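The values are calculated or read from the model by the stated rules, or taken from the named source; none is laboratory data. What you are looking at is a predicted structure, and each value in this text was computed from that prediction instead of being measured. Using ideal geometry, Cβ is built from the backbone for each residue, glycine included, and neighbour counts are taken over all protein chains shown.
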Amino acid sequence: MKRFKVGIVGYGWAALAHIPAINASPLAQVTAICSARPLDAAALAAQHGGPLRTFTRYEDLLRDPEVDAVSICSYHALHAEQVIAAAKAGKHIICEKPLALSWKDVRAVERAVKKAGVKFCICFELRYSSQFLALKALIDQGLLGTLHYGEVDYYHGVGPWYREFQWCTTIKDCGSSLLEAGCHAMDALLLCLGDAVEEVASYGAKSASPTYAPYEYPPTTVTLLKFRDGKVGKCASVIDCWQPYYFHTHLVGSEGSVLDNKFHSNRINGLSRHHWSQLSCQPVDSGDVADHPYQTQFEAFFEALAQGRDMPLTGLREAVATHEILFAADLALHRGRPVKLAEFRAKR
């Protein structure tokens, strides 16, 4: 079976997690790296365990006929134009979040990928974590009954101890708390409750700590979601906190509930509703990209490529659906009032 050759775009924190995850797949190998910084190909080959070509110009990487797919790990503000260029060059695409910094650019990306007929994967990799694979199985098997409420929240202080703090604090280069990091929580909430959202309302706040003063947008936001089928949800994105990383998850259904990696179900005889039962899965408990389930996600992507199928769980459709809610939530925050999705779509 063919082993796909992958070019990495941007050589930073995310790339250092993508490279070993891609190389661990029997179907793919990183063979090229593009960075604005000149890189030593021999040193990189020794570090990553295989021959690598290096590029400083993205267009040169895209012209390389040996590159089948690109993994975009660059600055957020570059994602949209780089995805569109890759699609036009006929390359399959893995893209770090966020897909773009505006809804207009998301739609442009969607059109370009569909027109080119290439396959696409967005790095909402927590859908492939053991925790959310287990939670989705509980939901799909009916053990929670019909869900009517859910909350998934992202707590992770992003301060000057991270290099990205130099640019992720700005509206121009990052945009919002949800686009910086809370998008993972919003995406996980939509995975569990569905993406048929009717209306969103969003509110923001900012820590008084001088450490977080550089943020140009509210680093703490909370978004309330009303779904067309009557469900309600909540997603908090808190990146100006002082605490350990915490990915809070609480789902409530007609026959049971989930709290992080614990659950109760009336449909399992013998369980007491006065005590939680434990799911034997690794909870999402780290903001370090090296701990994220990229390998599982990328193996699914390359298996789909080999079979000519669209990427399951984190393909183009899911990427666009989640980003629509993200941008509607940020619009509600900016306007200071709830925004209906029909209104959002009509004006965009």
>> From the list 321, 328, exactly one residue is modelled with pLDDT of 95 or more and under 27 Å from residue 17 (Cβ atoms). Which is it?
In response: 321
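Could we say that residue 185 is surrounded by fewer than 21 Cβ atoms within 10 Å (Cβ to Cβ) and aliphatic (A, V, I, L, M) here? Before you say what the answer is, go through the steps one by one.
Working: surrounded by fewer than 21 Cβ atoms within 10 Å (Cβ to Cβ): no; aliphatic (A, V, I, L, M): yes.
In short, no.
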>> Condition first: crowded, with 20+ Cβ neighbours inside 10 Å and assigned to a helix (DSSP H, G or I). Now tell me which residues in the stretch 61-74 satisfy that.
In response: 61, 62
>> Given the condition farther than 29 Å from residue 165 by Cα, modelled with pLDDT of 95 or more, under 25 Å from the mean Cα position of the chain (by Cα) and among the β-branched types (Val, Ile, Thr), answer yes or no: does some residue in the stretch 21-33 qualify?
In response: yes
>> So if I check each of 108, 77, 43, 89, which one is among the aliphatic types (A, V, I, L, M) and either buried (at least 20 other Cβ atoms within 10 Å of the Cβ) or at pLDDT below 95 (or both)?
In response: 43
> Taking the stretch 316-345 as the region of interest, how many residues are in contact (Cβ under 8 Å) with a residue 40 or more places away in the chain, farther than 22 Å from residue 114 by Cβ and charged (D, E, K, R)?
Replying inline: 3
> Looking at (1) within 19 Å of the chain's Cα centre (by Cα); (2) closer than 19 Å to residue 142 by Cβ, which is the one condition that is false for residue 221?
Replying inline: (2)
>> Considering only residues that are within 16 Å of residue 72 (Cβ to Cβ), in a helix (DSSP H, G or I), free of Cβ contacts under 8 Å to residues at least 60 places away in the same chain and not hydroxyl-bearing (Ser, Thr, Tyr), which ones fall in the stretch 13-60?
In response: 15, 19, 59, 60
>> If I go through the stretch 3-12 residue by residue, how many of them are outside any strand (DSSP E or B) and either under 23 Å from the mean Cα position of the chain (by Cα) or farther than 15 Å from residue 300 by Cα (or both)?
In response: 3
> Among (1) free of Cβ contacts under 8 Å to residues at least 40 places away in the same chain; (2) touching an Asp or Glu at 6+ places or on another chain (Cβ under 8 Å); (3) of a type outside the set (S, T, N, Q), where does residue 219 come up short?
Replying inline: (1)
> Just a yes or no: is a residue in the stretch 13-22 more than 23 Å from residue 118 (Cβ to Cβ), of a type in the set (Phe, Trp, Tyr) and assigned by TED's automatic domain parsing to the domain that holds residue 91?
Replying inline: yes
> Taking into account only those residues within the stretch 116-152 that are free of Cβ contacts under 8 Å to residues at least 40 places away in the same chain and farther than 24 Å from residue 295 by Cβ, which is surrounded by the most Cβ atoms within 10 Å (Cβ to Cβ)?
Replying inline: 116
> If we keep just the residues of the stretch 153-178 that are in contact with a strand residue (DSSP E or B) (Cβ under 9 Å, 6 or more places away or on another chain) and part of a helix (DSSP H, G or I), which is surrounded by the most Cβ atoms within 10 Å (Cβ to Cβ)?
Replying inline: 177
> Quick one: would you say residue 10 is in contact with a strand residue (DSSP E or B) (Cβ under 9 Å, 6 or more places away or on another chain), touching a residue at least 12 places away in the same chain (Cβ under 8 Å), of a type in the set (Gly, Ala, Ser) and at positive phi?
Replying inline: yes
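Within the stretch 300-312, is even one residue more than 15 Å from the chain's Cα centre (by Cα), under 24 Å from residue 94 (Cα atoms) and basic (Lys, Arg)?
Step one: filter the stretch 300-312 for residues more than 15 Å from the chain's Cα centre (by Cα), giving 300, 302-310.
Among the residues that remain, those that are also under 24 Å from residue 94 (Cα atoms) are: 300, 302-310.
After this cut, where a residue has to be basic (Lys, Arg) as well, the list is 309.
Within the stretch 300-312 (the criterion being more than 15 Å from the chain's Cα centre (by Cα), under 24 Å from residue 94 (Cα atoms) and basic (Lys, Arg)), the answer is yes, since at least one residue qualifies.
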> Yes or no: residue 204 at positive phi and under 22 Å from the mean Cα position of the chain (by Cα)?
Replying inline: no
